[in-house]
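Note sheet for the following structure.
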Amino acid sequence: MIQRLDLRGADRTTVDYRAAVPRADFDVEAAVPAVHEICEAVRTRGLDAIREYGERFDGVAVDDIRVAPEAMRRALDELDPAIRAGLEESIRRLRATCERELERDAVTELGPGATVVHRKVPVDRVGLYVPGGLAPLVSSVLMNVVPAQTAGVRSIALSSPPQKDFGGAVHPTILAACALLGIDEVYAVGGAQAIAMFAYGVGPCAQVDLVTGPGNIYTVTAKRLLKGRVGIDSEAGPTEIAILADDTAEASFVAADLISQAEHDPLAASVLVTPSERLAAEVEAELDKQVSVTKHVERIRTALAGPQSGIVLVDDLEQGLDVVNAYAAEHLEIHTADAPAWAARVRNAGAVFVGAHAPVSLGDYCAGSNHVLPTGGCACHSSGLSVRAFTKSVHVVDYSREALAEVADYVVTLAHAEDLPGHGAAVRVRFAD
């Protein structure tokens, strides 16, 4: 069901671990022509184009794309109390961690009358995208909304695909989560057309400054094409999990966690890195046993059998750590003796889950962490969604005449060094007799 890759004995000074562990084929460039057409249609034809694409891609025509507030209140009233309790606890934990992430203004006194303030300012208006294709990702509502609210964003709009099974409405669980969080601007629009709606401001939806949230290849491609006109959080592709484990790991736990991510998407990646042949064999046996009794068998089998998934055998945990740091997984679990020590040495991962009792599923819902994370190796340079994504920095420079006089000669000298005498003159004029 799942391939083995053997890196034992590799020359560690020359091997390219990033290339050695393959990933799913997620070719954004190939989708550009089709997505460019969608974005242009939304820009030029507005609501008519949005409705046409909704009927084509989601199988349902929606007359009024904005969800009525009473529909959200009704969805919350009808929500299963157990689901509501789970959402409320997830919100409580995530809000607590977001509040700790808030950055304060930093004031630097560079001398008498010379002050620079590094001020944190929330983005004015954001558009949040919540997928609804293979699964209604209600947890993504929380992961987008809570940090935006904590950052102080004043205007929040949310969009999710219309559901044929619900007469063209947004999935009721997603609507209930919006109502629970006080989000009253929700649109039944999916895919690339939703991103274009946010970027251009179409119909009842005013233009936003920033778009966040995961999605399929069309959504990701739209974010790439419209970046610059609108800010984006990331170009997140198919989900992925890597697990670094030794022979102390429980094979049934490891297998279950690999399956949990494979359940998302046929392109999802599930990778085990281990020096233990015994664990590898036990995990393979557990995968055969556990997959057969899961709900989404075909989807999971396709993901596990794909080139993006595998069991990677290494000489030891040191080599394993090099492999996972090079792979830079969206989610990385550590199932080893002294797991915290190994976790502390991880440099590249969207989120790290330490020990046998911190599965990725915990982070998906109720850990207090955010599950919108960098994929495709981008964790080597990018971070997951957080309060910081919804704020920007402004330097406020406040100098008195005396403070400017102290550095005036330096400014003039450097201006002339760059052959920009007007820069120097703008300082000299302030001290002319």
query = Which condition breaks for VAL32 when tested against (1) at pLDDT below 90; (2) of a type in the set (A, V, I, L, M); (3) surrounded by 13 or more Cβ atoms within 10 Å (Cβ to Cβ); (4) out of contact with any strand residue (DSSP E or B) (no Cβ under 8 Å at 6 or more places or on another chain)?
reply = (1)
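Look through VAL427, VAL354 and report the one residue that is closer than 30 Å to LEU102 by Cβ and β-branched (Val, Ile, Thr).
None of the other options fit; the residue is VAL354.
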ask   = Conditions: (1) of a type in the set (Lys, Arg); (2) modelled with pLDDT of 95 or more; (3) out of contact with any helix residue (DSSP H, G or I) (no Cβ under 9 Å at 6 or more places or on another chain). ARG345 meets all but one. Number of the miss?
value = (3)
remark   = Output for Cβ contacts, cut-off 6 Å, separation at least six or different chains, first residue within 14 Å of VAL293 (Cα to Cα) in region 241-266, second at pLDDT 95 or above and surrounded by fewer than 19 Cβ atoms within 10 Å (Cβ to Cβ), reads ALA255/GLN290; ILE259/GLN290; SER260/SER361
ask   = Which of the helices (runs of 4 or more DSSP H) contained wholly in region 358-433 include at least 1 residues that are small (Gly, Ala, Ser) and within 30 Å of VAL146 (Cα to Cα)?
value = 360-365
task = State all residues of region 383-395 that are crowded, with 17+ Cβ neighbours inside 10 Å and within 10 Å of SER234 (Cβ to Cβ); if no residue qualifies, say none.
result = GLY384, LEU385, ALA389
request  = May I ask you to say which residue of ILE174, ILE183, ILE156, ILE195 is assigned by TED's automatic domain parsing to the domain that holds ALA85 and touching a Phe, Trp or Tyr at 6+ places or on another chain (Cβ under 8 Å)?
outcome  = ILE195
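From ALA222, ALA256, grab the single residue that is of a type in the set (A, V, I, L, M, F, W, C) and under 19 Å from GLU330 (Cβ atoms).
ALA256
Being assigned by TED's automatic domain parsing to the domain that holds ILE174, in contact (Cβ under 8 Å) with a residue 40 or more places away in the chain, closer than 21 Å to CYS178 by Cβ and among the aromatic types (Phe, Trp, Tyr) is true for just one of TYR53, TYR129. Which residue is that?
TYR129
Per-residue answers, yes or no, for (1) in contact (Cβ under 8 Å) with a residue 24 or more places away in the chain; (2) surrounded by fewer than 24 Cβ atoms within 10 Å (Cβ to Cβ); (3) among the basic types (Lys, Arg):
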| residue | (1), (2), (3) |
| --- | --- |
| ILE156 | yes, yes, no |
| LYS164 | yes, yes, yes |
| GLY168 | yes, yes, no |
| LEU175 | yes, no, no |
query = If you scan region 124-152, which residues turn out to be modelled with pLDDT of 95 or more, surrounded by fewer than 21 Cβ atoms within 10 Å (Cβ to Cβ) and not in a helix (DSSP H, G or I)?
reply = ASP124, ARG125, GLY152
request  = Return the residue satisfying two criteria in turn: it lies in region 249-298 and is in contact with a His (Cβ under 8 Å, 6 or more places away or on another chain) and surrounded by fewer than 24 Cβ atoms within 10 Å (Cβ to Cβ), and of such residues it is modelled with the lowest pLDDT.
outcome  = GLU263
ask   = Does region 152-164 hold any residues that are farther than 16 Å from ASP63 by Cα and among the charged types (D, E, K, R), and which are they?
value = ARG154
query = Can you tell me how many residues in region 24-49 are more than 30 Å from ILE241 (Cβ to Cβ) and either without any contact (Cβ under 8 Å) to a residue 24 or more places away in the chain or assigned to a helix (DSSP H, G or I) (or both)?
reply = 14
request  = Give the residue that is nearest to GLY306 (Cα to Cα), with candidates limited to residues of region 239-248 that are surrounded by 24 or more Cβ atoms within 10 Å (Cβ to Cβ) and in contact with a Gly (Cβ under 9 Å, 6 or more places away or on another chain).
outcome  = GLU240
task = Evaluate region 74-96: report whether one residue or more is touching a residue at least 60 places away in the same chain (Cβ under 8 Å), surrounded by fewer than 23 Cβ atoms within 10 Å (Cβ to Cβ) and in contact with an Asp or Glu (Cβ under 8 Å, 6 or more places away or on another chain).
result = no
query = Right, ALA415: loosely packed, with under 11 Cβ neighbours inside 10 Å, without any contact (Cβ under 8 Å) to a residue 40 or more places away in the chain, among the aliphatic types (A, V, I, L, M) and more than 30 Å from ASP364 (Cα to Cα) or not?
reply = no
query = Any idea how many residues of region 97-130 are within 21 Å of SER400 (Cα to Cα), in contact with an Asp or Glu (Cβ under 7 Å, 6 or more places away or on another chain) and among the charged types (D, E, K, R)?
reply = 1
remark   = For region 335-357, the count of residues that are surrounded by fewer than 22 Cβ atoms within 10 Å (Cβ to Cβ), in a loop (DSSP other than H, G, I, E, B) and among the small types (Gly, Ala, Ser) equals 4
Any helices (runs of 4 or more DSSP H) falling wholly within region 167-276 and containing at least 1 residues that are more than 30 Å from ASP64 (Cα to Cα) = 251-262
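Rundown of residues vs (1) within 22 Å of LEU7 (Cα to Cα); (2) touching a Ser or Thr at 6+ places or on another chain (Cβ under 7 Å), yes/no style:
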{"residue": "GLY191", "(1), (2)": "no, yes"}
{"residue": "THR221", "(1), (2)": "no, no"}
{"residue": "PHE253", "(1), (2)": "no, no"}
{"residue": "ALA256", "(1), (2)": "no, no"}
{"residue": "SER260", "(1), (2)": "no, yes"}
{"residue": "SER270", "(1), (2)": "yes, yes"}
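The values are calculated or read from the model by the stated rules, or taken from the named source; none is laboratory data. Bear in mind that the values here come from a model prediction, so they are computed numbers and not experimental data. For neighbour counting, all protein chains shown are included, and Cβ atoms are generated from backbone atoms with ideal geometry for every residue, glycine included.
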